[in-house]
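I have placed the structure first, in the form of structure tokens, so that the comments after it can refer back to it.
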């Protein structure tokens, strides 16, 4: 490979935060060259965010700690520079797009760095115009962040670092808040911008299948503060490193392995488009598919919630929900999917009476929900917000779970019994004396779900239950939800995560423009190009694999994979 | 959510630089706050109305705000009268009784003039505030503040507040509904301390979450070099034109007049009773 | 006094946003008819303790100013400035309470309470009414009663809500090493 000159050089680098007893990074040796595209992956807590902060200068200038070894950026020791000096070389787009977007409008946000460098106005306007053109946001310069989609915010973020002619663009979980199709466009845009500007790209993501949609030169794998792998995507995918490192393999790789095919580097397995399968391999896949019959999940039939002609509008705006008909069945685990702003969250909020519908009916087991107050409705339908921190208002776990019961006037004894039994169900009992602040994100999520379960709802609705979680936490949360579901509670999830939908939801309801456009199994949705296009989803790589292997019914193949995978994992 | 009621329109006032308008606004407010010179306040009120007309803003666009404002002024006037019907007599040192309603409630010329002044003091600033907000792009405000000498860090705080208020409001609405679902309410059924505690539970996740957000935003700003230079430029700044100098002169003239009047007159009250 | 750095700029802005939300959306009914109690003073005090007096001053001032600019009751400058001063005083009086270290015990709470009571009396019991007398020559009895009412509600909300906030924040920063699971 033709490598340019090194821009970032770690040598025997270790870092320990002042407040911590152990180092977060150990013996890092890593060089990133001009024009390279590098993916950094690893489970939460592996040190990848710390590595990112070392590269962009937040360490050591904002976060204090002890550095051993050396980190050179453009040949100069980073600790002898400053954040703003380093920023001239390395541009960072943070994961939190609302924090990244500083300006009141797109124009001001792109110009932000230039304003801080005291660039004169005429030059600023010119440089902003250029950057906006590269990322394709020129038509929205006067827009405020509240009027932009996730993808447009991402574009603004990239333009905001491009105005400085950086040599490295670094992205911290760029796909985290985007719907699948927008995520695909975003990663393609990153490639396009890198090719136009010649800048190196560092992407930190645990969804490696989505990032490998573009050609990455290298993958760095991290675990417990160390680099455990540094090589080409093909080399990584043909090893066992991913599974051992707690990261999800691309689905087609897993399927090929299930079919008994050995993944080797010369098969070029880094992308579903590049992977080379021999006729023998294809026969093996077909054989695996037909060896056992594919059982489709038995749909549930007893209606628990019947929604008819539901309409909703924010103040005097046009309708957000344009006549939604939906029968939710008892004991179902349902996913609601669709692009941002299609009305998914609005539907959830309307069911919970957070928003008052302006037309239609919602009947839960014979009772009309539309007459209930928010509090009354919560005894029947529980709502779990995406961010657990926004739901927690007590310091101790017990008090938090007991809050709803206390406010409903239950007596102490009942509350104690109820809370303890729920803590046992939710695996929180052993932590019962802990303050909530000592819990991990996933445990906090459990606390918020537990506090909703305490009210004995028939249905719970979860907004993005696993957003931002690595594979281990994702599995942990989802298996927990599955257990709850099997205990008889109907679960509705709003999600952008196609894996989640495929692996856990037996039914997928697809939203587009305030209406339901599809209601079928997840496997069927993700193999229907028409629905995928309308709802801004992305077809699963298993679909392409099925087509490559000449399987006529891709949706059945996907279903087969899900069934098989479930068995293997349990 | 639209925070400040900026209305895009082509008018001489819209074309003025935000900095000159801000300077004029501040001097306007200062001078009308200091003085009790009735003719001056009357002039300022008329001038404000003329500026409003020049800005081509419509009264109907400000209706909601205006009714509320007039109601508040009326309430304030009534309160002042009820609490001290002879405040004017104390201030002007003479007593021209017009009518006695009963008991301590008298109507004097002095009280009428005093209360007229208080109303004028508010009335003279209302049109100019409406004009300023309606004709100045929110994005230009911070640049203008910096231009008239406020350090850019303070000015940027103001811009950031405008940027993050809509986010904070929508997060608050989400959180408060979830908390209501759990049963937190602040109705009058409970005792006051309990209600305050309920409010604390309601806002706690919002406030602690915002504190976490501060660190992330700070990082984002430092990574794009905020605060590294002694000054900064603004893409929304505009050059000064002739109109801007006139605007500044008007503002400066008002303050100069008020100060001069106070010194020459020996008091800030215009007193027709002596 | 600490430099007004990037973090202070952001903290002031976020404080202003919070004051805005609390003043506009959170009104607690009181025993007096048609009067509500707002808890914005509590968040001003909390930020002043956490980020220092200057953040309390700037954030409190900006937040109250933005509310007055958009709410339609006109800008009551004396009260706007006093909200900022309240942040300044609480921040100055609570210097040395370091919530980042996770410590907010009885001693700190007592100090916080005393400082906020004194600041409330000073700000709304004296400065705001005097300001109104100076600017509008309003009757003293009227403005002092108004000031007393706002000051009392500021006190109640700061001690209850501000106390809860400080405690909760300190708890989230406390050492986690001493915890063990129980069966």
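The values are calculated or read from the model by the stated rules, or taken from the named source; none is laboratory data. What you see is a predicted model, and the numbers here were worked out from it, not measured in a lab. Note that each Cβ is placed from the backbone with ideal geometry, even for glycine, and that neighbours are counted across all protein chains shown.
Does residue B:130 qualify as being surrounded by fewer than 22 Cβ atoms within 10 Å (Cβ to Cβ), more than 20 Å from residue A:110 (Cα to Cα) and under 17 Å from the mean Cα position of the chain (by Cα)? So residue B:130 does not fit the description; no. Residues that are surrounded by fewer than 17 Cβ atoms within 10 Å (Cβ to Cβ), more than 12 Å from chain C (Cβ to nearest Cβ) and either in contact with a helix residue (DSSP H, G or I) (Cβ under 6 Å, 6 or more places away or on another chain) or part of a helix (DSSP H, G or I) (or both) do occur in region B:113-121, at least one of them.
Could you pull out the residue among C:18, C:22 that is modelled with pLDDT of 95 or more, closer than 30 Å to residue B:191 by Cα, within 9 Å of chain B (Cβ to nearest Cβ) and surrounded by 23 or more Cβ atoms within 10 Å (Cβ to Cβ)? Don't jump to the end; show me each part of the working.
Values: C:22 fails: modelled with pLDDT of 95 or more.
Going through C:18, C:22 in turn, the sole match is C:18.
Residue A:433 meets the stated requirement of being surrounded by fewer than 17 Cβ atoms within 10 Å (Cβ to Cβ), outside any helix (DSSP H, G or I) and out of contact with any strand residue (DSSP E or B) (no Cβ under 6 Å at 6 or more places or on another chain). If the condition is being within 11 Å of chain C (Cβ to nearest Cβ) and crowded, with 19+ Cβ neighbours inside 10 Å, then region B:49-64 contributes only B:62. Can you tell me which residue in region A:64-92 is surrounded by the fewest Cβ atoms within 10 Å (Cβ to Cβ), limited to those that are in contact (Cβ under 8 Å) with a residue 60 or more places away in the chain and in a strand (DSSP E or B)? By that ranking, first place goes to A:70.
Mind listing whichever residues of region A:293-311 are loosely packed, with under 13 Cβ neighbours inside 10 Å and in contact (Cβ under 8 Å) with a residue 40 or more places away in the chain? Those that are loosely packed, with under 13 Cβ neighbours inside 10 Å and in contact (Cβ under 8 Å) with a residue 40 or more places away in the chain: A:295, A:299. Checked against (1) closer than 21 Å to residue A:199 by Cα; (2) modelled with pLDDT under 95; (3) in contact with a helix residue (DSSP H, G or I) (Cβ under 9 Å, 6 or more places away or on another chain), residue A:75 passes all but a single condition, namely (3).
Taking helices (runs of 4 or more DSSP H) as the structural unit, those lying wholly within region A:313-420 and holding at least 3 residues that are in contact with a helix residue (DSSP H, G or I) (Cβ under 7 Å, 6 or more places away or on another chain) and over 22 Å from residue A:442 (Cα atoms) correspond to A:374-378, A:397-407. From the list A:157, A:103, A:139, the one residue that fits, being assigned to a helix (DSSP H, G or I) and buried (at least 22 other Cβ atoms within 10 Å of the Cβ), is A:157.
Here's the yes/no breakdown for (1) more than 20 Å from the chain's Cα centre (by Cα); (2) surrounded by fewer than 19 Cβ atoms within 10 Å (Cβ to Cβ); (3) more than 23 Å from residue C:57 (Cβ to Cβ); (4) within 10 Å of chain B (Cβ to nearest Cβ):
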| site | (1), (2), (3), (4) |
| --- | --- |
| C:120 | no, no, no, no |
| C:128 | no, no, no, no |
| C:134 | yes, yes, no, yes |
| C:137 | yes, no, yes, yes |
| C:147 | no, no, no, no |
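The one condition from (1) closer than 23 Å to residue A:353 by Cα; (2) at the interface with another protein chain (Cβ under 7 Å from one of its Cβ atoms); (3) modelled with pLDDT under 90; (4) not in a loop (DSSP other than H, G, I, E, B) that residue B:205 does not meet is (3).
Within the option set A:442, A:359, A:427, being within 27 Å of the chain's Cα centre (by Cα), in contact (Cβ under 8 Å) with a residue 12 or more places away in the chain and surrounded by fewer than 17 Cβ atoms within 10 Å (Cβ to Cβ) holds for one residue only, A:427.
Test residue A:448 against the criterion of being free of Cβ contacts under 8 Å to residues at least 12 places away in the same chain, assigned to a helix (DSSP H, G or I) and in contact with a helix residue (DSSP H, G or I) (Cβ under 8 Å, 6 or more places away or on another chain), and give yes or no. Considered against the rule, which asks whether it is free of Cβ contacts under 8 Å to residues at least 12 places away in the same chain, assigned to a helix (DSSP H, G or I) and in contact with a helix residue (DSSP H, G or I) (Cβ under 8 Å, 6 or more places away or on another chain), residue A:448 comes out as no. Counting only helices (runs of 4 or more DSSP H) that fall entirely inside region A:482-546 and contain at least 2 residues that are free of Cβ contacts under 8 Å to residues at least 12 places away in the same chain, the qualifying elements are A:529-534. Give the residues of region B:1-56 that are at pLDDT 90 or above and outside any helix (DSSP H, G or I), sorted by residue number. B:10, B:11, B:16, B:17, B:35, B:36, B:37, B:55, B:56, listed by residue number.
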